[in-house]
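I have placed the structure first, in the form of structure tokens, so that the comments after it can refer back to it.
The values are calculated or read from the model by the stated rules, or taken from the named source; none is laboratory data. Since the structure is predicted, the reported quantities are computational estimates derived from the model, not experimental observations. With ideal geometry, Cβ positions are generated from the backbone for all residues, glycine too; neighbour counts draw on all protein chains shown.
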Amino acid sequence: MTEAVIELQDVSLTLGEGASSVHVLKNVSLAVNGGEATGIVGPSGSGKSTLLMVIAGLEKVDAGVVRIAGETLSGKTEDQVAAFRGRNIGIVFQSFHLIPNMTALENVAVPLELAGHRDPFAAASRELAAVGLSDRVTHYPGELSGGEQQRVAIARALAPDPRILIADEPTGNLDQATGRQIADLLFTKASERGMTLVLVTHDPSLAARCRRQIAMRSGRIEPALEVALSAGSR
Ligand SMILES: Nc1ncnc2c1ncn2[C@@H]1O[C@H](COP(=O)(O)OP(=O)(O)OP(=O)(O)O)[C@@H](O)[C@H]1O
Ligand SMILES: [Mg+2]
């Protein structure tokens, strides 16, 4: 039996205060096996991004258990969760989230340096080459196309060699052809390195490339719509 790398049991989360508070996740349970690609779909506001934030330990839950790579997040301090996330989870966002006054190389190398990596710039340079950006390392984000910026963000996410890669609408800001290349890159890298990929998308064809699809609606996972596709049909 494959070990579940992501395990959520009965997770509930309310965000906001008073009249603006929203019960965002309602008794969400989920187990994702190591190396599996999972696509999360669902209407706007259904809780998809929040679910990713919970998996990344960026949002603390009110109730339930979050166990990532065999470790329960709830008992950890914020610093411990941050260190855990740095080692185990790579994150890619729709809007890239690069630091504008750092070059592509620095965007990838600096987080490695902060994590105590021995040779962060050499490692960053290898990661940028692996996403096809060897000739853009000294460019600033503002000097890169959207697709190139997302490649830098992917290199940054992959650089610490995390077990889990989460991506929130990674192709949402890109044209169709570029989005397809970025999706190809994510799937290829995740599978080459045996990473567990969790991807939120509004694009049904992208979700269909995941071995497993999960549909969210109003803070819940819809069991009837959870589709486990046959092995190998990415
Ligand atoms: N800090 C907050 N305070 C109050 N409500 C919040 C907060 N953050 C998120 N929400 C609400 O939680 C719900 C789920 O938000 P979330 O961003 O997870 O949705 P989503 O499924 O990712 O939507 P989209 O497809 O538009 O990105 C939304 O209704 C949102 O308004
Ligand atoms: Mg979202």
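Things worth noting here:
Residue-by-condition table, conditions (1) in contact with a Ser or Thr (Cβ under 9 Å, 6 or more places away or on another chain); (2) farther than 30 Å from S12 by Cβ; (3) modelled with pLDDT of 95 or more:
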{"site": "A129", "(1), (2), (3)": "no, yes, yes"}
{"site": "R151", "(1), (2), (3)": "no, yes, yes"}
{"site": "A157", "(1), (2), (3)": "no, no, yes"}
{"site": "P170", "(1), (2), (3)": "yes, no, yes"}
{"site": "G232", "(1), (2), (3)": "no, yes, no"}
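- Within segment 42-57, the residues that satisfy the criterion of being under 14 Å from the mean Cα position of the chain (by Cα), touching a residue at least 12 places away in the same chain (Cβ under 8 Å) and more than 6 Å from ligand 1 (Cβ to nearest atom) are L51, L52, V54, I55, A56, G57.
- Selection within segment 1-15: residues that are in contact (Cβ under 8 Å) with a residue 24 or more places away in the chain and over 16 Å from T72 (Cα atoms). The member of this set that is nearest to ligand 1 (Cβ to nearest atom) is L15.
- For segment 58-75, taking the residues that are away from ligand 1 (no atom under 16 Å from the Cβ) and surrounded by fewer than 16 Cβ atoms within 10 Å (Cβ to Cβ), the one that is nearest to S29 (Cα to Cα) is identified as V65.
- From I99, I91, residue being within 16 Å of ligand 2 (Cβ to nearest atom) and either modelled with pLDDT under 95 or not in a helix (DSSP H, G or I) (or both): I91
- Only one of V32, V5, V41 that is closer than 24 Å to P170 by Cα and in contact with a Pro (Cβ under 8 Å, 6 or more places away or on another chain): V41
- Look at segment 176-200: where a residue is touching a residue at least 40 places away in the same chain (Cβ under 8 Å) and more than 22 Å from E7 (Cβ to Cβ) and a partner is within 16 Å of ligand 1 (Cβ to nearest atom) and in a strand (DSSP E or B), sitting 6+ places away or on another chain with Cβ atoms under 7 Å, you get L186/A167.
- T38 being more than 16 Å from ligand 2 (Cβ to nearest atom), assigned to a strand (DSSP E or B) and surrounded by 15 or more Cβ atoms within 10 Å (Cβ to Cβ): no
- The number of residues in segment 180-213 being within 16 Å of ligand 1 (Cβ to nearest atom) and assigned to a helix (DSSP H, G or I) comes to 3.
- Tabulated pairs, segment 16-29, first touching a residue at least 24 places away in the same chain (Cβ under 8 Å) and within 12 Å of S46 (Cα to Cα), second more than 8 Å from ligand 1 (Cβ to nearest atom) and part of a helix (DSSP H, G or I), C-beta under 8 angstrom, 6+ apart or interchain: L25/V54
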